[in-house]
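Visitor: Right, I'll just put the structure down here and ask away after.
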Amino acid sequence: MPGVRLVRDVGLAAVDYAYAAVADTPVRAVWVAGACPLDESGATVAVGDYAGQARRVMRNLRAALEGAGASTADVVKTTVYVASSRQADLVEAWEVYREAMGAHDPPSTLLGVAVLGYDDQLVEVEAVAVLPR
């Protein structure tokens, strides 16, 4: 995206996301609330399935971004929350997240948490996006 530069080669370990993102001004910023694995009726989908919930979360994140006039290519930072203390569960959700983000790999934080806000919720992703003015 014009105006956003992802920083990768800074002498740190090779990872599957950028270490930093630079948004040149002037920009329009979009803060997206944590996308949850809810269907249109508000029910949690894919109960017990980290990957299934992550797929719905990313679908809902894309919809929220589009509603704000943005896309995943405009994202400069995400936080991925996974309700688990097992690294394998975090990796399962992360793999779906990375696939959904495609070649765009903005800085992100992946966290294992004790519980999320909705019944049976396992995954949530929040994002910040910037668009040129």
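The values are calculated or read from the model by the stated rules, or taken from the named source; none is laboratory data. The shown structure was predicted, so the numbers you read here are calculated from the model rather than taken from an experiment. When we count neighbours, we look across all protein chains shown, and the Cβ atoms used for this are built from the backbone with ideal geometry, even at glycine. Note: areas computed on protein heavy atoms with side chains; ligands, DNA, RNA excluded. Shrake-Rupley method; radii C 1.70, N 1.55, O 1.52, S 1.80 Å.
Visitor: Condition first: open to solvent by 30 Å² or more (accessible area, probe 1.4 Å), in contact with a Lys or Arg (Cβ under 7 Å, 6 or more places away or on another chain) and β-branched (Val, Ile, Thr). Can you find one or more residues in region 26-39 that meet it?
Guide: Yes: region 26-39 contains one or more residues that are open to solvent by 30 Å² or more (accessible area, probe 1.4 Å), in contact with a Lys or Arg (Cβ under 7 Å, 6 or more places away or on another chain) and β-branched (Val, Ile, Thr).
Visitor: Step by step: first the residues of region 16-50, then only those that are among the β-branched types (Val, Ile, Thr) and more than 16 Å from the chain's Cα centre (by Cα), then the one that is nearest to residue 78 (Cα to Cα). Which residue is that?
Guide: Restricting attention to region 16-50, the residues satisfying the condition of being among the β-branched types (Val, Ile, Thr) are 22, 25, 27, 30, 32, 44-45, 47.
Now restrict to residues that are more than 16 Å from the chain's Cα centre (by Cα): 22, 25, 27, 44-45, 47.
Values: 22: 14, 25: 20, 27: 18, 44: 21, 45: 22, 47: 23 Å.
Here the residue is 22.
Visitor: Continuing with the same structure: Given the options 86, 133, name the one that is open to solvent by 30 Å² or more (accessible area, probe 1.4 Å), modelled with pLDDT under 95 and more than 14 Å from the chain's Cα centre (by Cα). Even if it seems obvious, please write down each step before you answer.
Guide: Numbers: 86 fails: modelled with pLDDT under 95.
That would be 133, the only listed residue that is open to solvent by 30 Å² or more (accessible area, probe 1.4 Å), modelled with pLDDT under 95 and more than 14 Å from the chain's Cα centre (by Cα).
Visitor: A further question follows. Just the residues that are part of a helix (DSSP H, G or I) and under 18 Å from residue 46 (Cα atoms), please, taken from region 77-98.
Guide: Step one: filter region 77-98 for residues part of a helix (DSSP H, G or I), giving 87-98.
88, 89, 90, 91, 92, 93, 94, 95, 96, 97, listed by residue number.
Visitor: Read through the list (1) modelled with pLDDT of 95 or more; (2) crowded, with 20+ Cβ neighbours inside 10 Å; (3) touching a Leu at 6+ places or on another chain (Cβ under 9 Å), then give the number of the only condition that residue 18 fails.
Guide: (1)
Visitor: Of the residues 100, 68, 51, only one is in contact (Cβ under 8 Å) with a residue 12 or more places away in the chain and open to solvent by less than 20 Å² (accessible area, probe 1.4 Å); which? Spell out how you get there, then give the answer.
Guide: On the way: 100 fails: open to solvent by less than 20 Å² (accessible area, probe 1.4 Å); 68 fails: open to solvent by less than 20 Å² (accessible area, probe 1.4 Å).
None of the other options fit; the residue is 51.
Visitor: Here are the criteria: (1) farther than 22 Å from residue 5 by Cβ; (2) without any contact (Cβ under 8 Å) to a residue 60 or more places away in the chain; (3) open to solvent by less than 30 Å² (accessible area, probe 1.4 Å); (4) not in a helix (DSSP H, G or I). Tell me which single one residue 110 does not satisfy.
Guide: Of everything listed in (1) farther than 22 Å from residue 5 by Cβ; (2) without any contact (Cβ under 8 Å) to a residue 60 or more places away in the chain; (3) open to solvent by less than 30 Å² (accessible area, probe 1.4 Å); (4) not in a helix (DSSP H, G or I), residue 110 misses just condition (3).
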